[in-house]
Amino acid sequence: MAFTIALAGKGGTGKTTTAALVVRALRELGAATVLAVDADPNSTLHEALGVEVERSVGEITEEMLKSVEATPGGMSKDAWMEYSIQRYVVENPEFDLLSMGRPEGAGCYCYANNLVRGCVDSLSQGYSHVVMDNEAGLEHLSRRTTRDVDILLIVSDPSIRGVRTAQRLSELVDELDIGVAARYLIINRVSTSLDPALQEAAEQSGLELLGVVPTDQEIIKCDLAGSGLFDLPRNSPALTEVRRMIAAAVPALTGSSVQ
Ligand SMILES: Nc1ncnc2c1ncn2[C@@H]1O[C@H](COP(=O)(O)OP(=O)(O)O)[C@@H](O)[C@H]1O
Ligand SMILES: [Mg+2]
């Protein structure tokens, strides 16, 4: 069973950036195989990871729904979907990436959406760790069949309002009855040390503060150069903090390559 880490938080707080850094940190800490899942319809995780996506699951689904006649080779639609999803997983020496793209609408597409869920769940089984970057809301997580998020990282910007939004998202997790074993708050893009007012807001949120990620000039440089976060120097401040957080929160990592 893959250990699943999901990212949540309002738009622009740094979910995608943190997700990419988590993928890298997991590998640096000895995770065997990592599947990154871009579950935000406005996909950007591939850019943060520095790879290109040929086809998203949404596009594969659309193709399947359009093909009235039998799928190639007389395969069942289930088998064809599973085959296509595996075929379009982006493979990289450090991680694989699956981009979900836009989901089909509600109602008559239930069948397709269930099929997608089943295929993604079975794909995930083949990895030691799964990192899911999500849209700002938590709809995607609530639509999952297997509710097996081991760690939910709620990312906030360094503002009181941001921390309260993170708290509300955490409350929403309970309302939606999403199965999450552990959840943490991360405050991202902190320029100096954490302001005491933010520290207090974090304490009041009821969420455990896992880490405070600094604003990192190297990330800004990567963004401007259009390169992925695997090009960040290994000792860059944000990556160093994310590596520390992951070592603390994810069990059974060897930590063999940490210096
Ligand atoms: N710690 C950081 N230091 C510097 N820039 C950051 C940091 N975290 C995020 N950014 C930048 O902020 C912007 C938004 O981040 P992103 O991860 O796309 O947010 P989200 O996925 O929550 O919408 C991006 O341009 C990203 O490069
Ligand atoms: Mg994002």
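Values in this text are rule-based calculations from the coordinates and carry no lab data. It should be emphasised that the depicted structure is a prediction, and the values quoted were computed from it without experimental measurement. So basically every Cβ, Gly included, is an ideal-geometry build from the backbone, and we count neighbours across all protein chains shown.
What fraction of the DSSP beta bridges in region 3-249 is antiparallel, stated in percent and rounded to the nearest 5?
5
How much net charge surrounds Glu28 when only the other residues with a Cβ under 12 Å from the Cβ of Glu28 are counted, with Lys and Arg +1 and Asp and Glu -1? Working shown, then result.
Numbers: positive: Arg24, Arg27, Arg234, Arg243, Arg244; negative: Glu94.
Cβ neighbours under 12 Å give a net charge of +4.
Relative to the longest principal axis of the Cα atoms of the chain, the long axis of helix 77-87 makes an angle of roughly 50 degrees.
Note the full-extension length gain between Leu194 and Ser67 as 0.36 nm times their separation in residues minus their Cα-Cα distance, in nm to one decimal. Could you put the intermediate results ahead of the total?
On the way: separation 127, 0.36 × 127 = 45.72 nm, distance 5.46 nm.
Value of the extension gain: 40.3 nm.
Here the Debye sum runs over all C-alpha atoms of region 3-249 as equal scatterers in vacuum, and log10 of I(q)/I(0) at q = 0.09, 0.14, 0.15 Å⁻¹ comes out as -0.39, -0.91, -1.03. Between Ala20, Leu232, Ala202, the Cα set farthest toward the positive side of the dipole of the chain (charges on each charged residue's Cβ, about the Cα centre) is that of Ala202. Label positions at Thr33 and Asn235, each projected 7 Å from the Cα along the C-beta direction, are separated by 3.5 nm. When both bridge partners sit in region 1-133, DSSP labels roughly 10% of those beta bridges antiparallel.
Which order do peptides 10-23, 122-135 fall in by mean Cβ count within 10 Å, highest first? Working shown, then result.
Working: 10-23: 24.4, 122-135: 20.9.
Going by the mean number of other Cβ atoms within 10 Å, highest first, we get 10-23, 122-135.
Overall, region 3-249 carries a charge dipole of about 220 debye about its Cα centre when +1 sits on the Cβ of Lys and Arg and -1 on the Cβ of Asp and Glu, all other atoms neutral. Going Cα to Cα from Lys66, which lysines come in below 19 Å? Please leave out same-chain ones fewer than 8 positions away. Once the sequence-local lysines are set aside, what remains near Lys66 is Lys77. Here the calculated FRET efficiency for Gln204 and Asp148, from their Cβ-Cβ distance with R0 = 25 Å, stands at 0.30, rounded to the nearest 0.05.
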